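This report concerns only the one structure given below.
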Amino acid sequence: MVWTWIEGKGNHAATVSRSVAISASPKKVWAAISDIIGLDWLQDAKKTEPLSRTRRGTGASRLITFLDGSQVTEYITGWKENQYLSYVATDGLPLDAYHATLSISHMGASTRLMWTSFLVGSDKKRFAEFLSFIDDFYAKSLQTLREKLEKA
C-alpha cells in the first residue's frame, strides 16, 4: 500500500494506491475491469446494477450492494480503452469525496493493475478508519481478481 495523508482546515485528504501483477494479457485484464456490472471479484459485493443505459465509457453508472446491505453509487468519469477507467462515488461512503482510477500497463508476461484513489473526509477518526478499511478492501479485491484471471 501507498497512501499519503494530507491535512487541511476542517477536512482530511489522502491518496491510497494498491497494485497487483496478473499473469494475463492486458486485454483480458481490461475486459474484467471494464465490465462495470460484472464485479464478482469485488470484496463482499452482493450485486451490481446499472443506473444508466450506457454500460461502457464516461457517463456509465452503477449501484453496488454489499453483503452488509450497504450501497454505493458510482459514475464513470474517465475512460481510455485498454488503459484506464476512473469513477466517483456519490453516495454510500462515509466521505465527502471519493475518486478512483483503475489503470493497466503491460509488464512482459504479466499485466500490472493499479487502483488509486483520492479521498476527502471531515471526521478525522472516521476518515482514518476508512483509510484502513479501503486499503484492505483494495488488497483483497485485487487478489481475488488476480486469482480469477489466472485460473481462466
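When ranked by the protection proxy of mean other Cβ atoms within 10 Å per residue, highest first, what sequence do the peptides 92-99, 109-116 form? Walk me through the numbers before you get to the answer.
Values: 92-99: 16.5, 109-116: 18.0.
So the order, starting with the most tightly packed, is 109-116, 92-99.
With both labels modelled 7 Å from their Cα along Cα-to-Cβ, the Gln43 to Thr144 distance reads 1.0 nm. Farthest toward the dipole's positive end in the chain, which of Gly69, Leu142, Thr58, given Cβ charges of +1 (Lys, Arg) and -1 (Asp, Glu) about the Cα centre? In the chain, that residue is Thr58.
Which FRET efficiency value, to the nearest 0.05, is calculated for Thr90 and Thr58 with the Förster distance at 25 angstrom and r the Cβ-Cβ distance? Once rounded, the FRET efficiency stands at 0.95. With θ taken as phi - 60° and the Karplus curve 6.51 cos²θ - 1.76 cosθ + 1.60 applied, the whole-hertz 3J(HN,Hα) list for the range 56-63 is 9, x, 4, x, 5, 9, 8, 10 Hz, x standing for glycine and proline. Taking 13 Å as the straight-line reach from the Cα of Lys124, the aspartates and glutamates in range (excluding those fewer than 8 positions away in the same chain) are Glu7, Asp96.
Where does helix 124-151 land angle-wise versus the long Cα axis of the chain, in degrees 0 to 90, nearest 10? So the inclination is approximately 10 degrees.
On the beta carbon distance between Ser25 and Thr101, with R0 = 30 Å, the FRET formula returns roughly 0.90. With a cut-off of 12 Å between beta carbons, the residues surrounding Phe137 carry a summed charge of -1, where Lys and Arg count +1 and Asp and Glu -1. For the chain, modelled as a GNM whose springs connect Cα atoms under 10 angstrom apart, the maximal fluctuation among Ser19, Ser52, Ser34 occurs at Ser52. Hey, in the GNM for the chain with a 10 angstrom Cα cutoff, which one of Ile33, Ile104, Ile134 fluctuates hardest? Looking only at Ile33, Ile104, Ile134, the largest GNM fluctuation is found for Ile134.
Report the full-extension gain for the segment Ala109 to Ser122: residue separation times 0.36 nm, less the Cα-Cα distance, to one decimal in nm. Before the final figure, lay out the partial values.
Working: separation 13, 0.36 × 13 = 4.68 nm, distance 4.29 nm.
Answer, rounded to one decimal: 0.4 nm.
Straight-line reach from Lys151: taking Cα to Cα under 23 Å and skipping same-chain neighbours fewer than 8 places apart, the lysines in range are Lys27, Lys28, Lys46, Lys47, Lys140.
Calculated mean residue ellipticity, 222 nm, the chain: -8000 deg cm²/dmol, from DSSP H runs (n ≥ 4) at -39500 (n - 2.57) each, averaged per residue and rounded to 500.
Here, each number is a calculation from the coordinates, and none is a lab measurement. This structure is a prediction, so every number in the text was calculated from the model and none was measured. Note that we place each Cβ from the backbone using ideal geometry, even for glycine, and neighbour counts take in every protein chain shown.
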